[in-house]
1. Counting only protein heavy atoms and using a 1.4 Å probe, what share of the accessible area of the stretch 4-212 belongs to carbon plus sulfur, as a whole percent?
2. Run the helix sum for the chain: -39,500 (n - 2.57) per DSSP H stretch of 4+ residues, divided by residue count, reported at 222 nm to the nearest 500 deg cm²/dmol.
3. What's the center-to-center distance, using Cα atoms, between the stretch 81-148 and the stretch 16-55 in Å?
4. From the C-alpha coordinates alone, can you work out the Kirkwood hydrodynamic radius of the stretch 1-84, in Å?
5. Using the scaling law 2.2 N^0.38 Å as the reference, what is the normalised Cα Rg of the chain?
6. Provide the percentage of antiparallel DSSP beta bridges, counting only those with both residues in the stretch 51-206; round to the nearest 5.
7. If the viscosity is 1.002 mPa s and the temperature 20 °C, what Stokes-Einstein diffusion coefficient in µm²/s follows for the stretch 136-230 when Rh is the Kirkwood radius over Cα pairs?
8. In percent, how large is the relative contact order of the chain, given Cα pairs closer than 8 Å and 6 or more residues apart?
Amino acid sequence: MTLPLVEHTQDHLATDRFGQPLRGVEAVASTNERAAAWAAEGAPEGATVLTEYQTTGRGRHGRAWSADKGQNLLFSVVLRPTLSPDRFGLLTVAAGLAVAEAIEPFVSPHEARLKWPNDVLLEARKTCGILLESSLTPPNTDAVVVLGVGLNVNQADFPDALADTATSLRLTTGRSVPRAPLLARLLRALERRYDAVQSDGADAVRAAYRDRLVGLGAATTLRVPGTDQTLSGTVVGITDTGALRLRTADGSETTVHAGDVTTRSKD
Ligand code: BTN
C-alpha cells in the first residue's frame, strides 16, 4: 500500500526529476542505505525513498539520527552528478541552502540559517541534518551520490541529550506544518540548487549560502572531519568548492574541506 504522505506529495510535486519516482516505506533501517541499493539496481537520478520511521538512521561522522515516527521528513534522493568528485563539497552546501530556502515560507517570520557545512538552524537550534554518501562502483566508475535529508517537522519534543540543541518547525512556530506540500517544495528547491551547481549557477549558490551562514566573522572552533583535531579561527566564508575558510590566530588562512560527502566502501 502506498503511504498517504507519498500520495499527497505527488499532488503537489513540480519537479523534473527529484521525487520521480517517489517510493514510500513505512519503516526502514536507513533511507540512505535503501536508496544506495536502489541506485545499484539502476534507479534513475532523482529517484527518492521516503519513510515514516528509521530503525538505524545515519548521521554524519558515524553518528546516529533518530526521529519520532510519522512526524518528520526522512528521505534520500539518488544523484548521478556530472561534477568532478573534488567539487562534491558544492553539493553539500547546495543541499543545505535548498532546505533552508524551502522551509522558510512554512516558518515565517523566522529565518533559516546554515551552520557549515549544511546543518539547517532555526533560532540557533538544528532542525535538519543532511548526509551525502557517495560510491564508485567498479567496473562502472560513475559516481552515485545519495542525498539524505532528516527534517524535524512536527516533532513535539526531543530526548534530554538533544533538548537544548534540536528543534522542529512546529516547536519554532507553535503550529503543525503540513508535510506533503513541504516535501514537494523541498524536492523542487533541491533539484534547482543541484542543477545550478552543476551548470553555471555555482556563484549564485555560494553567495546565497554565505548570506545564511552562521558565525561569519566570528571566532569558531570546529572538529576536523574524520580526525580528533580541532581548529580555531574566524570564519571568513567558503571557497569555490564549498570548503570553509578560517583565519587563524597567526593571521594566516586555512580551509577545512567539507569532507562531508562520506565515501562508504561497498562490502
Ligand atoms: C547529520 O548528522 O546531521 C545528518 C543526518 C542525516 C539524517 C538523514 S534521515 C534520512 C537519511 N537516512 C539516513 O540514514 N540518514 C539521512
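The values are calculated or read from the model by the stated rules, or taken from the named source; none is laboratory data. On a predicted model such as this, the values are computed, not experimentally measured, just so you know. In case anyone asks, the SASA skips ligands and DNA or RNA and just uses the protein heavy atoms, side chains included. Shrake-Rupley method; radii C 1.70, N 1.55, O 1.52, S 1.80 Å.
1. The value for the stretch 4-212 is 47 percent carbon and sulfur by accessible area.
2. That comes out to -9000 deg cm²/dmol.
3. The stretch 81-148 and the stretch 16-55 have Cα centres spaced 16 Å from each other.
4. In the stretch 1-84 this quantity evaluates to 13.4 Å.
5. The value comes to 0.96.
6. 95 percent
7. 123 µm²/s
8. 20 percent
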